[in-house]
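Before we start, here is the structure in question, set down as structure tokens.
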Amino acid sequence: MHRVDALVLGAGPLRAMLPSCHGRPLQDASHAAILRDSDPGLIGKVVCTLVCILHDSLRRPAIGGHATGARLCPVHVLGSDGLCRAGVERTGMMMQGEKRGAVELVAVSKRYGNAQALSEVDLKVPAGAYCCLLGPSGCGKTSTLRMIAGHESVSDGDILISDRNVTVLHPSVRGTALMFQNYALFPHLSCLDNVAFSLKMRGVAKAQRQDRALELLERVQMEAYKDRRPDQLSGGQQQRVALARALITEPEVLLLDEPLSALDPFLRVKMRAELKRIHHELGLTFIHVTHSQEEAMALADLVVVMRGGRIEQTGTPSEVFNRPRSAFVARFMGGHNVLKGSIEQHAEGFSALRGPGSQTYAVPKVSASSGTEYAFCVRTDRVRLAKGSDAVADAENVMTAAVRGVEYHGTQLSIALDSEASDEFTVVMSDRDFAQCPVAVGDRVVAMWDVEDAHGLDPTPARREDVLREFQPSGEMDYV
């Protein structure tokens with residue numbers, strides 16, 4: 001085998017096998033199959049040609065039914081391992097307002113045999129955002145991350161990074177870096193060599209790659225440990241090294257697969273602050289998979305809640321927490337009581353609901369007709385407790401219950417209640433409020449809340465326009 005810098009299939013029988021690109025002949029290197037690193041022989045050339053034909057036949061004029069503003073042309077690279085790396089190259093004008101690191105998923109689906117892991121997911125992550133994919137195990141968040149990285153194939157749909165279609169691009173040329181859950185550090189290499197490894201594989205000179213690796217170790221405050229092996233580091237230190245290694249390729253998008261799950265609670269909080277600091281300093285797009293609501297709320301400026309291979313809700317942390325779209329989101333995010341009733345009548349400024357048994361509710365006025373089933377939630381910290389009936393004279397919502405459990409959490413207490421309306425009703429009180437109204441298991445109490453504290457829930461699946469609404473990271477919390 002001999003090394004070739006570029007082989008443009010501009011003539012001969014292989015040229016005749018290649019299709020035209022958008023109705024025009026392949027006349028230059030930007031519209032041709034390119035072989036780099038080594039000549040894999042006739043079989044490799046035939047494979048590359050067949051992939052090119054297949055890709056061109058499947059290429060769509062618009063991605064997901066939306067015009068891209070640029071043409072997408074096939075490029076195929078054969079590496080030293082003889083494998084064809086298929087991708088697309090942008091030609092023509094770039095889209096107005098394009099930003100480096102913006103990520104878009106267009107009707108992306110993933111199937112493993114007969115199992116549907118992801119179902120037509122649409123998502124836009126603006127450049128520079130810290131996005132957390134949040135959901136229970138098996139909801140599709142890790143599959144989504146791995147498809148963005150290129151480690152899983154896409155069954156249907158398209159993935160765009162910086163307005164460039166990367167759906168079939170090899171992971172090494174997508175502009176992404178993936179930080180694995182188990183860190184995946186080489187046990188026989190020092191921290192410095194672990195971080196520099198990607199540059200070594202790219203042929204960067206030793207002195208240059210070690211200088212760059214040392215810069216990144218300094219950024220993650222690990223320069224003093226550069227000569228240590230992974231087994232000589234704590235879990236938090238290993239994570240910092242893995243983060244530096246992911247950043248050394250200067251990605252547009254950093255992908256993190258549950259990076260804090262293996263750390264103890266103290267280190268987890270400390271590393272959250274480190275991730276936030278590095279994100280702020282670098283300005284990269286971060287996409288972070290987690291099953292921890294607390295982690296997502298602390299880190300993200302865009303939260304994506306997933307369930308069963310679909311997106312339930314997107315928004316800022318305060319939007320998702322204070323205005324959950326569905327009962328699932330309210331329960332999964334925590335801090336909410338979900339209640340149901342049927343609409344009885346409408347009054348000035350509120351609607352009256354009939355709950356289980358003799359229970360009634362007052363909620364902000366809704367447009368649904370009488371008899372319609374209606375679900376709403378109330379934040380656990382917006383509920384007040386009282387023991388005497390005289391305390392409920394002017395309350396807008398009242399529910400009698402028995403105390404099932406009391407948990408002490410330091411600055412606050414969680415009181416679980418059993419009632420006719422719900423057997424999973426919780427009240428969160430500050431230690432000061434609890435001292436004024438102490439309760440014990442078995443006590444009969446009255447729970448009260450205001451009309452405006454009730455938030456309506458949508459029983460229908462999330463719509464595409466809800467998920468894809470415009471969002472720009474501001475770096476500021478929008479407290480409600």
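Quick check on segment 438-477: of everything there that is among the small types (Gly, Ala, Ser) and more than 13 Å from Pro324 (Cα to Cα), which residue is modelled with the lowest pLDDT?
So the residue we want is Gly475.
When the residues of segment 414-437 are filtered to those that are within 26 Å of Gly341 (Cα to Cα) and outside any strand (DSSP E or B), which remaining residue is modelled with the lowest pLDDT?
That would be Asp423.
Of all residues in segment 357-383, count the ones that are closer than 19 Å to Ala447 by Cβ and at pLDDT below 90.
2
Output the residues belonging to segment 384-413 that are modelled with pLDDT of 95 or more and β-branched (Val, Ile, Thr).
Matches in segment 384-413: Val403, Val406.
Quick check, is Met306 assigned to a strand (DSSP E or B), under 15 Å from the mean Cα position of the chain (by Cα) and modelled with pLDDT of 95 or more?
Yes.
Kindly indicate whether any position in segment 393-405 is buried (at least 17 other Cβ atoms within 10 Å of the Cβ), of a type in the set (A, V, I, L, M), under 37 Å from the mean Cα position of the chain (by Cα) and farther than 15 Å from Cys377 by Cα.
The answer is no, given that none of the residues of segment 393-405 is buried (at least 17 other Cβ atoms within 10 Å of the Cβ), of a type in the set (A, V, I, L, M), under 37 Å from the mean Cα position of the chain (by Cα) and farther than 15 Å from Cys377 by Cα.
Only strands (runs of 3 or more DSSP E) wholly contained in segment 339-388 count here; list those with 2 or more residues that are touching a Cys at 6+ places or on another chain (Cβ under 7 Å).
Qualifying strands (runs of 3 or more DSSP E): 384-386.
Listed here are the residues, each with its yes/no results for (1) closer than 24 Å to Arg310 by Cα; (2) part of a strand (DSSP E or B).
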{"position": "Arg146", "(1), (2)": "yes, no"}
{"position": "Glu152", "(1), (2)": "yes, no"}
{"position": "Leu160", "(1), (2)": "yes, yes"}
{"position": "Thr167", "(1), (2)": "yes, no"}
{"position": "Ser172", "(1), (2)": "no, no"}
{"position": "Ala184", "(1), (2)": "no, no"}
{"position": "Ala196", "(1), (2)": "no, no"}
{"position": "Ala207", "(1), (2)": "no, no"}
{"position": "Gln210", "(1), (2)": "no, no"}
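On the given criteria, is Glu250 in the same structural domain as Thr176 (by TED's automatic domain parsing), crowded, with 19+ Cβ neighbours inside 10 Å and at positive phi?
Spelling it out, it is not the case that Glu250 is in the same structural domain as Thr176 (by TED's automatic domain parsing), crowded, with 19+ Cβ neighbours inside 10 Å and at positive phi.
Results for (1) over 27 Å from the mean Cα position of the chain (by Cα); (2) surrounded by 21 or more Cβ atoms within 10 Å (Cβ to Cβ); (3) of a type outside the set (A, V, I, L, M); (4) over 22 Å from Arg277 (Cα atoms), shown as yes or no for each residue.
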site: Ser155; (1), (2), (3), (4): no, no, yes, yes
site: Val166; (1), (2), (3), (4): no, yes, no, yes
site: His188; (1), (2), (3), (4): yes, no, yes, yes
site: Gln210; (1), (2), (3), (4): yes, no, yes, yes
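Look at Met147 and say whether it is at pLDDT below 95 and either touching a Pro at 6+ places or on another chain (Cβ under 9 Å) or at negative phi (or both).
No, not satisfied.
Checking Ala244 against (1) more than 30 Å from Lys124 (Cβ to Cβ); (2) assigned to a helix (DSSP H, G or I); (3) in contact with a helix residue (DSSP H, G or I) (Cβ under 9 Å, 6 or more places away or on another chain): exactly one of these is not met. Which one?
(1)
Now a separate question. Looking only at segment 318-338, which residues are part of a helix (DSSP H, G or I), in contact (Cβ under 8 Å) with a residue 24 or more places away in the chain and farther than 21 Å from Leu417 by Cβ?
Matches in segment 318-338: Ser318, Glu319, Phe321, Asn322, Val329.
Report whether or not Asp458 is over 23 Å from His346 (Cα atoms) and either within 32 Å of the chain's Cα centre (by Cα) or assigned to a loop (DSSP other than H, G, I, E, B) (or both).
No; evaluated as a whole, the condition is false for this residue.
Which residue pairs have Cβ atoms under 7 Å apart, sit 6 or more places apart or on different chains, and have a first residue in segment 183-198 that is under 15 Å from Thr249 (Cβ atoms) and not assigned by TED's automatic domain parsing to the domain that holds Gln210 and a second that is surrounded by fewer than 21 Cβ atoms within 10 Å (Cβ to Cβ) and modelled with pLDDT of 95 or more?
Filtered contacts from segment 183-198: no entries.
Sticking with this structure for a sec: Residue check, Ile287 against (1) in contact with a helix residue (DSSP H, G or I) (Cβ under 6 Å, 6 or more places away or on another chain); (2) in a strand (DSSP E or B), all met but one. Which one?
With respect to (1) in contact with a helix residue (DSSP H, G or I) (Cβ under 6 Å, 6 or more places away or on another chain); (2) in a strand (DSSP E or B), Ile287 is out only on (1).
Among the numbered criteria (1) buried (at least 23 other Cβ atoms within 10 Å of the Cβ); (2) among the hydroxyl-bearing types (Ser, Thr, Tyr); (3) modelled with pLDDT under 95, which one does Ser261 miss?
All conditions are met except number (1).
Something else now. Within segment 357-372, does at least one residue satisfy the condition of being surrounded by fewer than 17 Cβ atoms within 10 Å (Cβ to Cβ), out of contact with any strand residue (DSSP E or B) (no Cβ under 8 Å at 6 or more places or on another chain) and among the charged types (D, E, K, R)?
Looking through segment 357-372, none of the residues is surrounded by fewer than 17 Cβ atoms within 10 Å (Cβ to Cβ), out of contact with any strand residue (DSSP E or B) (no Cβ under 8 Å at 6 or more places or on another chain) and among the charged types (D, E, K, R).
The values are calculated or read from the model by the stated rules, or taken from the named source; none is laboratory data. Not measured: the values here are computed from a predicted model. Heads up, the Cβs are rebuilt from the backbone with ideal geometry, glycines too, and the neighbour counts pull from every protein chain shown.
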